[in-house]
Amino acid sequence: GFINKLPHHLVQAFRSTLEESKYADIIIHVVDASNNDRDLQMETVYKTLKSLGCENKPIITVYNKIDKDVLLPLPNDEVAYSEVSVSAKTGQGIDNMLISIEELLKTFKKKMKVLIPYSEGKMVDFIHGKCDILSEDHTEIGYVFEFYSNDEISNRLSAYEITEI
């Protein structure tokens, strides 16, 4: 919302800071739910993000100050991946916001199933340290893990990937 109040020359001065949004995986858009001009402010933020080439970044819209008497807008699925309501003051809704972020992060990851021979203890340690493990089983020939991983980890463990036992 602050963008709309700044003179044009100051927006240009902030442009390099705002351009960092291009490198973000997720944009958390915090909206003052108690502000009567929030729709205009949100539109300004979306236009700014678009001008920065960030229109395809997943956005989680966080409506803050729900501890005040506010009427929240209807969900706008066209822009935000998800929308949550919170009160930074009371903590209400923070858990829902974190769940929303976690769910979005999981969409960036690949679900894998691997068989790690018992002789590859370092790989087991690697998986425990780097992956979001869904299940771990022991077989006659090694450990079977099912987990979420990013591309780098998936590539590193691709030699161990299995489709079924």
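The values are calculated or read from the model by the stated rules, or taken from the named source; none is laboratory data. Since we're looking at a predicted model, the values are computed, not measured. Cβ coordinates were reconstructed from backbone atoms using ideal geometry, including for glycine residues, and neighbour counts include every protein chain displayed.
General observations
- Test for Val11: is it modelled with pLDDT under 85, part of a loop (DSSP other than H, G, I, E, B) and among the β-branched types (Val, Ile, Thr): no
- Test: residue in the range 134-142 that is touching a helix residue (DSSP H, G or I) at 6+ places or on another chain (Cβ under 8 Å) and either surrounded by 14 or more Cβ atoms within 10 Å (Cβ to Cβ) or not small (Gly, Ala, Ser) (or both): no
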